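Asks: Starting off with a structure, shown below.
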Amino acid sequence: MTGPRIALIHAVSLAIAPVVAAFGSHWPQARPVSLLDESLQPDRDAASYGGPSFHERLGRLADYALDIGSEGILFTCSAFADEIEAVKARLAIPVYRPDEAVLEAALRTGGNVVVLVTFGPSIGVLSTQLRELAPKLGHTGAAEVRLVPDALDAVRAGDRDRHDTLIAAAAAAAGDATIVLGQYSMTGAAEAVLEATGRRPLTGPDQAVLKLKHAVTG
């Protein structure tokens, strides 16, 4: 029996492999389809951007996902929370932000939480999500988002080892806090973080796939 088609909407190609692997581990019956627009992230960074709104652009991608028969949508870039919420409100199928499931899991640990990111615009988005989720889940510890400087430049230059090393160092500096790798493109650094801290960080793809599977299949 053919499983449901699930659209994965990406802003960076590095996010594709981790989430496809998570489907293989947790929901192999599903048929993930990747839709990639690598202009989204640099346009979000550009102060002079004057094109269509990001609400419109992500909305078009979501509409295409619906047109091809997708039964669920997972966005994999954390910098577009408002735009994703607009899609969620408009479509009848399950639609998820990339990090809502993993942030819930982190806050449920009850201790301090540090979310690491390599893309600056994600800081405000994820900080807002933490503030909104913490009281709902009864979390009273500290929860913050920290930027890992230079890591994104390193991976864009093809230096994945430096990217992972910088993330691992930032995780080690967080002490005993629960570490969340706040972008799917950072998932490959999980082993480096484990080696540096002795603790495995929480990553978005696994938690998101499990949440989406439950929403689609019941």
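Asks: Here is a list: 182, 175. Which entry is out of contact with any helix residue (DSSP H, G or I) (no Cβ under 7 Å at 6 or more places or on another chain) and either assigned by TED's automatic domain parsing to the domain that holds residue 129 or more than 18 Å from residue 14 (Cα to Cα) (or both)?
Replies: 175
Asks: Looking at 208, 215 in this structure, which one is in a helix (DSSP H, G or I), surrounded by fewer than 18 Cβ atoms within 10 Å (Cβ to Cβ), in contact (Cβ under 8 Å) with a residue 60 or more places away in the chain and of a type in the set (Gly, Ala, Ser)?
Replies: 215
Asks: Across region 125-139, what is the number of residues that are in contact with a helix residue (DSSP H, G or I) (Cβ under 8 Å, 6 or more places away or on another chain) and without any contact (Cβ under 8 Å) to a residue 40 or more places away in the chain? Give the derivation first.
Replies: So in region 125-139, the residues in contact with a helix residue (DSSP H, G or I) (Cβ under 8 Å, 6 or more places away or on another chain) come out as 125-126, 128-130, 133-134, 137, 139.
Still in the running and without any contact (Cβ under 8 Å) to a residue 40 or more places away in the chain: 130, 133-134, 137, 139.
The number of residues fulfilling the criteria is 5.
Asks: Moving on to the next point. Return the residues of region 183-196 that are buried (at least 19 other Cβ atoms within 10 Å of the Cβ) and not aliphatic (A, V, I, L, M); say none if nothing qualifies.
Replies: Result: 183, 184, 185, 187.
Asks: Let me ask something else about it. Only residues that are farther than 20 Å from residue 108 by Cβ and touching a His at 6+ places or on another chain (Cβ under 8 Å): list them for region 189-218, please.
Replies: If the condition is that a residue be farther than 20 Å from residue 108 by Cβ and touching a His at 6+ places or on another chain (Cβ under 8 Å), then 189 is the only one that fits.
Asks: Moving on to the next point. Might you let me know whether region 85-94 holds any residue that is acidic (Asp, Glu), closer than 18 Å to residue 208 by Cα, out of contact with any helix residue (DSSP H, G or I) (no Cβ under 7 Å at 6 or more places or on another chain) and not assigned by TED's automatic domain parsing to the domain that holds residue 174?
Replies: Yes, that holds for at least one residue.
Asks: Where in region 110-177 are there helices (runs of 4 or more DSSP H), lying fully within it, with 2 or more residues that are of a type in the set (Lys, Arg) and surrounded by fewer than 14 Cβ atoms within 10 Å (Cβ to Cβ)? Reasoning before the result, please.
Replies: On the way: elements: 122-136, 151-156, 160-172.
So the answer is 122-136.
Asks: Sort out which residues of region 1-31 are over 21 Å from residue 57 (Cα atoms) and of a type outside the set (A, V, I, L, M, F, W, C), and write them in order of number.
Replies: Once the filter is applied, which keeps residues that are over 21 Å from residue 57 (Cα atoms) and of a type outside the set (A, V, I, L, M, F, W, C), region 1-31 yields 2, 3, 4, 5, 18, 24, 25, 26, 28, 29, 31.
Asks: Could you tell me whether any residue of region 45-57 is closer than 25 Å to residue 3 by Cα and at pLDDT below 95?
Replies: No - not one qualifying residue is present in region 45-57.
The values are calculated or read from the model by the stated rules, or taken from the named source; none is laboratory data. Just so we're clear, the structure is a prediction, and the values are computed from it rather than from any experiment. Glycine also receives a Cβ, built like all others from the backbone with ideal geometry; neighbour counts cover every protein chain displayed.
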